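The values are calculated or read from the model by the stated rules, or taken from the named source; none is laboratory data. Predicted model only: the values in this text are computed from it and were never measured. Methodologically, a virtual Cβ is constructed for each residue, glycine included, from the backbone with ideal geometry; neighbour enumeration extends over all protein chains shown.
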Amino acid sequence: MTTRRNFLRSCLAGGAAAAATVAPVAVSARETHPRPPEGLGLLYDATLCIGCQACVAACKRVNENTPEFNVMDKLWDTPLDTSGHTFNLIKMYRHGTMETKDAEENGYSFMKTSCMHCADPSCVSACPVSAMKKDPETGIVGYDADACIGCRYCVAACPFGIPKYQYDSPTGKIGKCELCRHRHQDGHYSACAEVCPTGATLFGRTEDLLAEAKRRLALKPGDWTAIPRGRLRHAQEKVLAGGEDGKGARHRHGWRDEPDQSYQAQVGHYLQHVYGETEYGGTQVLKLSAVNFQKAGMPDLPPKASAATSETIQHTLYGGLVMPIAVLGALTFVARRNVVAEEEGKEGDRS
Amino acid sequence: MSAHRHAAPTPVGGNLLNPTTLVCGALAIAMLTVLVARFLFGLGAVTNLNDGYPWGIWVVVDVIIGSAFACGGFSVAMLVYIFNRGHYHPLVRPALLASLFGYTLAGVGVIFDLGRYWNFWHIFWPGYANPNSVMFEVAVCISAYITVMWIEFSPTFMEKWGMKDARKKLDKVLFFFIALGTLLPMMHQSSLGTLLVVMGPQVNPLWQTPVVPLLYLLTAIAIGYGVVLFESCVASSAYRRQIEIHLLEPMAKVMLGVLGLYMAVRFGDLVVRGALANAFKPSLEAFVFWIENLAFLAPFALVGSTASRRNPARLFLAGIAIMVGGVFLRINGFLIGYDTGLGVDSGWNYFPSIAEMIVTAGMFALEVLGYIVITRRFPVLPREGGAAAH
């Protein structure tokens, strides 16, 4: 008869093995990834937005997305949220009498909803088949339908609620903004920024956009300032540097020729906060607003990306398969001893 | 050790056509009808899934809870072969059988939910596979475990079909598959909890914690014992067999030990993270948190004493309580305590459609059906009367 003490001892051994498989020891803690230095993005300035939805229409057109109807007469595309067929939407904040633009009390404001292109995206970490990938150079979070298995873990993982699935199709794909990367080879950039009449959505390198955002925050509300439209030029970029540069980076310097579209506008009553500078480890799409970001529909997020936490746990437990193999070795040793003992027991049974 | 001598498994026999199997068959057919519609018209045609709740009961119940319910085989095999408690051996085969069905169906059930199921093989294919993904680990591990379980269970078929040579060869290496069959569920049952981590603050702090893999592993083991209690009671009542109280009584004690450890980790973690206050807010999340934890505490009241553990009704109820706790832990984390966009969006809702429930019911019906067919025709349950054992 095995004694209780023996049993407890083997329980402890087994418990230690079990704890070793799951205890998240922070030996190889994975830090939140920073933005790639040449990463591309958008700057959305809610105080400049007039809610015309030109960007929504342009996004639909260039991504060949079907219209969505939410009113009785199906005359116009009327999506209520981003979806598998709507990658970009301007939402509205309303309060009270809605008299004043960009006021929280009795006012209204707009907010662009589209992929934030996180520095350390949850969707990329979640995707089991690398259908969501972050381009190491541009930082664009791109989707590959041919790789995707449709598990929708990316949809569940994203705190901005961005990747969306086409539930209406038997072969549904995930739909999300990819910063119009399919148009870059022709010298086009994100359609939403291309068509924005007020420069509320501006395309460029995130580092340049961040500097531009901080420039605006430093100005005095009500003063006049030059607001660029379309694409924000790189500080060192030669004006109209179109065409091949022979270094395989055509999309970086090969944007289509455009005249300077900047104009004079009044500085908004900004909150001193560039949304996306640090949220969830930073994003490549940045936002400015006069209305509280949470009220306008942007989540309040910590500076650490959850992808870093998740991958730290996974790599601590399974890195190089060291821990599973060690535990398997121990279990094999114990199981072998006990199974052999049982065989002998069986022999005795028969005799 | 005399404890190794016990009744050899034998087929129960009897008719395969009875009210239970007919009901199960009907549910399975209803499930197939829904699945035809799902594959012809898409997930939206039959489910209430939406972009706020991209995972419904097909993932959370059929796969995450279904596989936890299928941990009986793992929990009992661990007791027998790792902790050398040979006298529990008669429980291994029936528990392994239930696990085999639970896991195989969970694996198949995933396909129904995959929006682009024809690409499924990508998850195992270098170049596509993403080792950073928790889902990747879960998928590979569960697939491997299903294979290992069929190997572990194959002696049953070999005995039935008289494949003595194959049986002998397998016996020589079976210890390795038993070890693998213990490691793999530890890995993926913990990772099923880790699936929550990347969702970050969208998951209520009551369920979002870096120790979530340990919570899911411990509850999977405890649920494993709970399911064995439940199944043993149901099987002995349905087949009018004697209940194996002499085995279930000490096993229930082991279960309480695992559960006690779990409760210590669970509340210790909540206190350390300062998240316990969320349990006292007047919210749905707090309400379901207490249902979950009362269900986990109930077995202590039900089968806390040796005398109460000899009462089959109490063992049965304790088994159910622990299963209910496991169900709530998982539904609470993945559905009730989950909020896309942290509440700043327009507000999403999810409640499963009838069609979704039909598929889930059909899956469980298939498991019951398979269990009945195999126990009646193959040597799984110990021979009635105890023979050489006691």
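Here is how the numbers come out for the structure above:
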{"item": "Of the criteria (1) more than 24 Å from residue A:296 (Cα to Cα); (2) part of a loop (DSSP other than H, G, I, E, B); (3) touching a residue at least 40 places away in the same chain (Cβ under 8 Å), which one residue A:179 fails", "result": "(1)"}
{"item": "Qualifying residue in the range B:258-267 (condition: away from chain A (no Cβ under 14 Å), free of Cβ contacts under 8 Å to residues at least 40 places away in the same chain, more than 21 Å from residue B:320 (Cα to Cα) and surrounded by fewer than 21 Cβ atoms within 10 Å (Cβ to Cβ))", "result": "yes"}
{"item": "Pairs, first outside any helix (DSSP H, G or I) in the range A:207-221, second of a type in the set (S, T, N, Q), C-beta under 6 Å, six or more apart", "result": "A:219/A:225"}
{"item": "Residues (touching a Ser or Thr at 6+ places or on another chain (Cβ under 8 Å), more than 8 Å from chain B (Cβ to nearest Cβ) and part of a loop (DSSP other than H, G, I, E, B)) located in the range A:112-143", "result": "A:114, A:116, A:117, A:119, A:120, A:139"}
{"item": "Residues of the range B:285-320 satisfying the condition of being of a type in the set (A, V, I, L, M, F, W, C) and either modelled with pLDDT under 95 or more than 20 Å from residue B:332 (Cα to Cα) (or both)", "result": "B:300, B:301, B:302, B:303, B:307, B:313, B:315, B:316, B:317, B:318"}
{"item": "Check on residue A:193, touching a residue at least 24 places away in the same chain (Cβ under 8 Å), more than 8 Å from every other protein chain (Cβ to nearest Cβ) and assigned to a helix (DSSP H, G or I)", "result": "yes"}
{"item": "Unique match (being of a type outside the set (Ser, Thr, Tyr) and in contact (Cβ under 8 Å) with a residue 40 or more places away in the chain) among A:335, A:305", "result": "A:305"}
{"item": "Wholly within the range A:252-351, helices (runs of 4 or more DSSP H) carrying at least 1 residues that are at pLDDT 90 or above, under 30 Å from residue B:348 (Cα atoms) and touching a strand residue (DSSP E or B) at 6+ places or on another chain (Cβ under 6 Å)", "result": "A:293-296"}
{"item": "Residue B:99 vs. criteria more than 8 Å from every other protein chain (Cβ to nearest Cβ), of a type in the set (Ser, Thr, Tyr) and surrounded by fewer than 20 Cβ atoms within 10 Å (Cβ to Cβ)", "result": "no"}
{"item": "Number of the condition not met by residue A:128 [criteria: (1) touching a strand residue (DSSP E or B) at 6+ places or on another chain (Cβ under 8 Å); (2) crowded, with 23+ Cβ neighbours inside 10 Å]", "result": "(1)"}
{"item": "Selection status of residue A:87, away from every other protein chain (no Cβ under 11 Å), crowded, with 24+ Cβ neighbours inside 10 Å and either touching a helix residue (DSSP H, G or I) at 6+ places or on another chain (Cβ under 9 Å) or under 30 Å from residue B:142 (Cβ atoms) (or both)", "result": "yes"}
